[in-house]
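Please read the structure below before turning to the comments.
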Amino acid sequence: MNDIWQVVHAERTALIHDLRSLTPSQWSAPSLCPGWDVHDVLAHLVDDAKTTRLGFVRDLLLAGFDFDRLNARGVERERAEDPARTLERFETASSRTTSAPVRGATRLVEAFVHGEDIRRPLGVRHDYPAAHVATALRYQVSTSVKMGGGKERAHGLRLVATDSDLTIGAGEEVRGTTIALLLAVSGRPVGPEDLAGPGAVAFS
């Protein structure tokens with residue numbers, strides 16, 4: 001977990017840097033996460049960074065085991081009226097190592113996927129550590145969609161990373177960077193410029 005937290009902390013710091021100069025219209029831009037704008041995703045990241053094991057169990061019970069309701073309440077709790085204030089909250093929580101009772105790889109998934117949920121609609125480019133994105137991708141393809149993964153989306157496909165030596169699965173080949181493959185199996189929209197191969201149509 002020490003290695004994972006180092007990566008997560010670095011990604012949080014990089015995202016804070018990228019968000020400091022956003023305009024009001026950019027904060028309200030739709031993110032890649034359905035139903036959430038850029039400000040909402042940041043509020044979710046604040047809530048996620050502040051989550052503890054006991055707090056997660058308590059909040060899940062209060063949400064009636066409805067993960068969408070759980071996340072919506074977290075966004076409402078941490079989304080300040082002024083996005084700059086939400087960003088301050090994220091910066092304050094950015095060095096925390098608390099988490100819901102989940103596997104460590106989920107911390108990478110949160111950092112990478114939500115980072116792109118924000119950056120891609122804004123046209124902000126960021127270089128992610130391919131080896132750690134590969135760890136997140138392996139987790140996603142082994143976890144069901146109903147648990148936040150992408151196992152069903154990746155079924156029958158051979159995922160080949162173009163920026164690492166990662167190859168996962170069997171079937172029609174899909175080629176792309178590790179971050180593009182991670183976004184695709186996580187249910188995020190990716191363009192034809194991101195993926196290639198006969199299996200890429202599965203993510204169109």
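The values are calculated or read from the model by the stated rules, or taken from the named source; none is laboratory data. Quantities reported herein were computed from a predicted structural model and do not represent experimental measurements. Cβ: placed from backbone, ideal geometry, glycine included. Neighbour counts: every protein chain shown.
Within region 119-204, which helices (runs of 4 or more DSSP H) (wholly inside it) include 3 or more residues that are out of contact with any Leu (no Cβ under 9 Å at 6 or more places or on another chain) and at negative phi?
Counting at least 3 such residues, we get 151-154.
How many of the residues making up region 177-204 are touching a residue at least 24 places away in the same chain (Cβ under 8 Å) and surrounded by 14 or more Cβ atoms within 10 Å (Cβ to Cβ)?
Result for region 177-204: 16.
Would you mind stating whether D40 is more than 19 Å from G187 (Cβ to Cβ), among the charged types (D, E, K, R) and assigned to a helix (DSSP H, G or I)?
Answer is no for this residue.
Which condition does H39 not pass, out of (1) farther than 21 Å from I4 by Cβ; (2) touching a Phe, Trp or Tyr at 6+ places or on another chain (Cβ under 9 Å); (3) surrounded by fewer than 19 Cβ atoms within 10 Å (Cβ to Cβ), if it passes all the others?
(3)
Take V190 and decide whether it is modelled with pLDDT under 95, touching a strand residue (DSSP E or B) at 6+ places or on another chain (Cβ under 9 Å), farther than 30 Å from D59 by Cα and among the β-branched types (V, I, T).
Answer is yes for this residue.
List, please: which pairs have Cβ atoms under 6 Å, are six or more places apart or on different chains, and start with a residue in region 66-78 that is without any contact (Cβ under 8 Å) to a residue 40 or more places away in the chain and end with one that is among the β-branched types (V, I, T)?
E78/V46
Give the residue, chosen from A14, A84, that is of a type in the set (G, A, S), surrounded by fewer than 21 Cβ atoms within 10 Å (Cβ to Cβ) and either without any contact (Cβ under 8 Å) to a residue 12 or more places away in the chain or outside any helix (DSSP H, G or I) (or both).
Every option except A84 fails the conditions.
Out of all the residues in region 95-116, is one or more part of a helix (DSSP H, G or I), basic (K, R) and in the same structural domain as V7 (by TED's automatic domain parsing)?
yes
Identify, by number, the condition in (1) assigned by TED's automatic domain parsing to the domain that holds G35; (2) surrounded by 15 or more Cβ atoms within 10 Å (Cβ to Cβ); (3) in contact (Cβ under 8 Å) with a residue 60 or more places away in the chain that R89 doesn't meet.
Status for R89: all satisfied but (3).
Inspect all residues belonging to region 135-147 and state whether any of them is in the same structural domain as G191 (by TED's automatic domain parsing), at pLDDT 95 or above and touching a strand residue (DSSP E or B) at 6+ places or on another chain (Cβ under 6 Å).
Checked against the condition, which is being in the same structural domain as G191 (by TED's automatic domain parsing), at pLDDT 95 or above and touching a strand residue (DSSP E or B) at 6+ places or on another chain (Cβ under 6 Å), region 135-147 yields at least one hit.
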